[in-house]
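Everything on this sheet refers to the single structure shown next.
The values are calculated or read from the model by the stated rules, or taken from the named source; none is laboratory data. Treat the numbers as computed from the prediction; the structure is a model and nothing was measured. All Cβ positions, even for glycine, are placed from backbone atoms using ideal geometry, and neighbour counts span all protein chains on display.
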There are 2 protein chains.
Amino acid sequence: MSAAKKAAIIGGGVIGGGWAARFMLNGWDVSVFDPDPEASRKIGEVLDNARRALPGLYDRALPPEGSLTFCENMAEAVADADWVQESVPERLDLKHRVHAELTRLAPATAVIGSSTSGFKPSELTQQGARVIVAHPFNPVYLLPLIELVGDADHCALAEPTLHEIGLYPLTVRKEIDAHIADRLLEAVWRECLWLVKDGIATTSEIDEAIRMGFGLRWAQMGIFETYRIAGGEAGMKHFMEQFGPALEWPWTKLMDVPEYTPELVDLIAGQSDAQSGHMSIRELERLRDDNLVGMMRALKKTGSGAGAVITAHEAQLTLPDATDLPVTVHRAIPQSWTDYNGHMNETHYVELGSQATDGFMALIGADAEYIAGGQSYFTTENTVRYLSELHAGDVVRVTTQVLVGEGKKMQLLHRIMRADGTLAATVKSFMLHVDLGARRSSLPAEAVAERLAQYTQAHAGMSAE
Amino acid sequence: MSAAKKAAIIGGGVIGGGWAARFMLNGWDVSVFDPDPEASRKIGEVLDNARRALPGLYDRALPPEGSLTFCENMAEAVADADWVQESVPERLDLKHRVHAELTRLAPATAVIGSSTSGFKPSELTQQGARVIVAHPFNPVYLLPLIELVGDADHCALAEPTLHEIGLYPLTVRKEIDAHIADRLLEAVWRECLWLVKDGIATTSEIDEAIRMGFGLRWAQMGIFETYRIAGGEAGMKHFMEQFGPALEWPWTKLMDVPEYTPELVDLIAGQSDAQSGHMSIRELERLRDDNLVGMMRALKKTGSGAGAVITAHEAQLTLPDATDLPVTVHRAIPQSWTDYNGHMNETHYVELGSQATDGFMALIGADAEYIAGGQSYFTTENTVRYLSELHAGDVVRVTTQVLVGEGKKMQLLHRIMRADGTLAATVKSFMLHVDLGARRSSLPAEAVAERLAQYTQAHAGMSAE
């Protein structure tokens, strides 16, 4: 096995710390040079965040973490480095001084990248330094984008390493102030300043206008593919012809607009065909919708943005009335629950069982408030019998029957049924009541025990098949 | 029970169809007026998409779908309507004609909304029409944002209905061309046209610059909360002082920038405090990270954008070598797998088991290629014993032991172990080999049967505890 690779981080802070974390968590050794006496604390905080978040992104474990060394000087930091990343403050004189040193000290084979958003490579290399722009986005340990700008060979050398540590290098064709993404951010930021200044909207309202709408679209397809869909079967050219004239309207206070020539329309429509032409508009729509549903369901877990809207709406949706047995779940199967076999994955039958247990717990008073008070039920055994396939869009209901309900013990039989009443699966769950502070089994509160006893009695003698 | 409410949709197409779908899937009856002979087909296509996607957003079933009626004239469509939504082409003379009719024909108690992005309410009401702007975002059946602009009482009347059908009304304080979101979109679109025209980037590269970076951030927090985090503990004012000067740089070709006065900085910093001041920067960072990980994991399911980057990176991550038993899973527990009890939900023990089964199937040659060829294994029974709690960030490995491997049958015992080797759970899975075309059990291919037999033999006599 070869020794770990080494990255030198020149300048800590949020961006340098993010690079350090990205490298370390991918098994690289990291040396930091930053004269700031707070550098170690600052990088430590970023590392804490990264260790908490990045490993959860993958369905495989990351390699063992590399080492972290704080160095007294730049020479020590860059010795034997495979990658040198500069993230010092955005002052050109400082960048020139640092890069003159890095070019002299770093191995000739090392990539030397600058995190600058403000300077073009031609500005960084004015005094002969060997450096490219490798511009990341915060949080660097999670977001994949790195804009590479500068010498083509140097950029080509950088690309494989960036892929290796899970990043997405985007090589910019020509240098330009602020590269690509920050130009777009800058345009929006300026428009936001106008909106706040003119009293049209507050910061909070502008954030909602973004994250409840186009922000969700852009997280998965960007702007051109989104508009290609808006153009429908008639295509990108149609969209541009329709949307184009709007550009001549007095929509913003910023008036310098490229002339909307047929050549520009053809250029964009042609690039859009090359980008997305392998999929029909219908296919793009469905991919977009699967992405939106999946992301909004993820946001529902944390209650952010569109996720909070779903939760509030869902609270208005009622469960069907009980017949013999209480209905504890009534829902559709999302596309994200299906797998390569074209049906609902075995995992989500247990998710339905878990939701049914939650529903039944609420019925006996072991609800969110009870749990917040420090008591709950933990499952100790589940037996799932898979009887027939379920597919995306199928609507199911789950009934819950008490098999055992005494003392600390509760055993439930959940029957997962299709809309036509046929059985798709059963989940038999055995649970113990738990004191959440002590993490030990305990007796339920009297009111819960009483309601459980009522169900136990009512269900006694029913078939458990 | 009261009769279903009624929405009148004036003008079909993608936007009108999206409104129709949103209302119908929330139990409203919908009447459509659109002289386009293709209207029925177009709305039908949007409805197909909506039926496929919207129900999967929720963990509760939506109410029974309302009816859809195509009307011969506007009077019929709007009779007894609770909501009238106009989505005709963006021509002011046409809008004036339609709204004069709607004001005359619609019940006085109905909300009358226009989907216009191009016109202000003062323009729509020039000739005395009763109408507000209710501007949606495509796909209307999924994205929550509706910008409301116009008469305050009329907007207030509209809000509860929008909440009821799962939307997020954002009332704009003062009318302005293009409302809020489209002003931001317009600013970005214009900058994108420059970038393509000047050969800096292609449409595809610009889309990657968005969806691999800030697009993900904006889907969950918008621009101001994101920058508040970038400001760190020093706060929004610090961020603005740091970032502000950049606005004076020649970053874009669009130069009319609001003057960056202390008053503007205070206004924005104060609004940001009101918006996000209840959370520390550390809390905001962790919420952001949980959101990013959750959304990127959702994108991994479809292979879009950042999700494809994760999959490619993951392919480089190897499993530990086998000792007695093959290691079929080695991974960290994501935050999104935990629940209100502060530990990994019972569901995801089965997800680990399912991943272990996938890993073992790959070992015996029943891999992705084999499945694409039309054969697979389906689980018929799972028994899960939950032995101890797992938490976000815990690294686990799963070993797999064959209990039965003959003919169509395969039974596996997956042991889920913490990093220290202690057992967290066992999943016993019983499976049948299946012909994916016939959806019936069948014998595995000879090569698979042989490799399964080798494992079966090697594991024979091992303890199944």
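Can you tell me how many residues in segment A:370-421 are more than 11 Å from every other protein chain (Cβ to nearest Cβ), assigned to a loop (DSSP other than H, G, I, E, B) and either without any contact (Cβ under 8 Å) to a residue 24 or more places away in the chain or among the hydroxyl-bearing types (Ser, Thr, Tyr) (or both)?
Counting residues in segment A:370-421 that are more than 11 Å from every other protein chain (Cβ to nearest Cβ), assigned to a loop (DSSP other than H, G, I, E, B) and either without any contact (Cβ under 8 Å) to a residue 24 or more places away in the chain or among the hydroxyl-bearing types (Ser, Thr, Tyr) (or both) gives 3.
Do we find a residue being farther than 16 Å from B:Leu299 by Cα, more than 7 Å from chain B (Cβ to nearest Cβ) and in a loop (DSSP other than H, G, I, E, B) anywhere in segment A:294-305?
Yes, segment A:294-305 has at least one match.
I need a count of the residues in segment A:56-70 that are touching a residue at least 60 places away in the same chain (Cβ under 8 Å), crowded, with 17+ Cβ neighbours inside 10 Å and not in a helix (DSSP H, G or I). Please lay out each step first, then the result.
Of the residues in segment A:56-70, the ones touching a residue at least 60 places away in the same chain (Cβ under 8 Å) are A:57, A:66-67.
So of that shortlist, the ones also crowded, with 17+ Cβ neighbours inside 10 Å come out as A:57, A:66.
From the residues that got through so far, the ones that are not in a helix (DSSP H, G or I) too are A:66.
Residues flagged as touching a residue at least 60 places away in the same chain (Cβ under 8 Å), crowded, with 17+ Cβ neighbours inside 10 Å and not in a helix (DSSP H, G or I) within segment A:56-70 amount to 1.
With the structure loaded, tell me whether A:Thr171 is in the same structural domain as A:Phe23 (by TED's automatic domain parsing) and surrounded by fewer than 24 Cβ atoms within 10 Å (Cβ to Cβ) or whether it fails that test. It would help to see each step written out before you state the result.
Values: in the same structural domain as A:Phe23 (by TED's automatic domain parsing): yes; surrounded by fewer than 24 Cβ atoms within 10 Å (Cβ to Cβ): yes.
It is true that A:Thr171 is in the same structural domain as A:Phe23 (by TED's automatic domain parsing) and surrounded by fewer than 24 Cβ atoms within 10 Å (Cβ to Cβ).
Any chance you could count how many residues in segment A:2-40 are surrounded by fewer than 22 Cβ atoms within 10 Å (Cβ to Cβ) and in a strand (DSSP E or B)?
Number satisfying all stated conditions: 1.
Working only within segment A:183-216, note down all residues that are at the interface with another protein chain (Cβ under 7 Å from one of its Cβ atoms) and assigned to a loop (DSSP other than H, G, I, E, B).
Hits for segment A:183-216 are A:Gly199, A:Ile200, A:Ala201, A:Thr202.
Among the candidates A:Gly353, A:Gly342, A:Gly374, single out the residue that is touching a His at 6+ places or on another chain (Cβ under 8 Å) and on the phi > 0 side of the Ramachandran plot.
Details: A:Gly353 fails: on the phi > 0 side of the Ramachandran plot; A:Gly374 fails: touching a His at 6+ places or on another chain (Cβ under 8 Å).
Answer to the check: A:Gly342.
Conditions: (1) assigned to a strand (DSSP E or B); (2) within 10 Å of chain B (Cβ to nearest Cβ); (3) in contact with a Gly (Cβ under 7 Å, 6 or more places away or on another chain). A:Ser336 meets all but one. Number of the miss?
Of the numbered conditions (1) assigned to a strand (DSSP E or B); (2) within 10 Å of chain B (Cβ to nearest Cβ); (3) in contact with a Gly (Cβ under 7 Å, 6 or more places away or on another chain), the odd one out for A:Ser336 is (1).
Looking only at segment A:167-182, which residues are touching a residue at least 24 places away in the same chain (Cβ under 8 Å), within 7 Å of chain B (Cβ to nearest Cβ) and closer than 16 Å to A:Gly150 by Cβ?
A:Leu170, A:Val172, A:Ile176, A:Asp177, A:Ala178, A:Ile180
For residues in segment B:217-240 being of a type in the set (D, E, K, R) and more than 7 Å from chain A (Cβ to nearest Cβ), which is farthest from the chain's Cα centre (by Cα)?
Of everything passing the filter in segment B:217-240, B:Lys237 is farthest from the chain's Cα centre (by Cα).
The conditions are (1) touching a Leu at 6+ places or on another chain (Cβ under 8 Å); (2) surrounded by fewer than 16 Cβ atoms within 10 Å (Cβ to Cβ), and B:Gly373 fails exactly one of them. Which is it?
Of the numbered conditions (1) touching a Leu at 6+ places or on another chain (Cβ under 8 Å); (2) surrounded by fewer than 16 Cβ atoms within 10 Å (Cβ to Cβ), the odd one out for B:Gly373 is (1).
Mind telling me which of the residues B:Ala312, B:Ala306, B:Ala366 ends up being among the small types (Gly, Ala, Ser), surrounded by fewer than 16 Cβ atoms within 10 Å (Cβ to Cβ) and not assigned by TED's automatic domain parsing to the domain that holds B:Trp218?
B:Ala312
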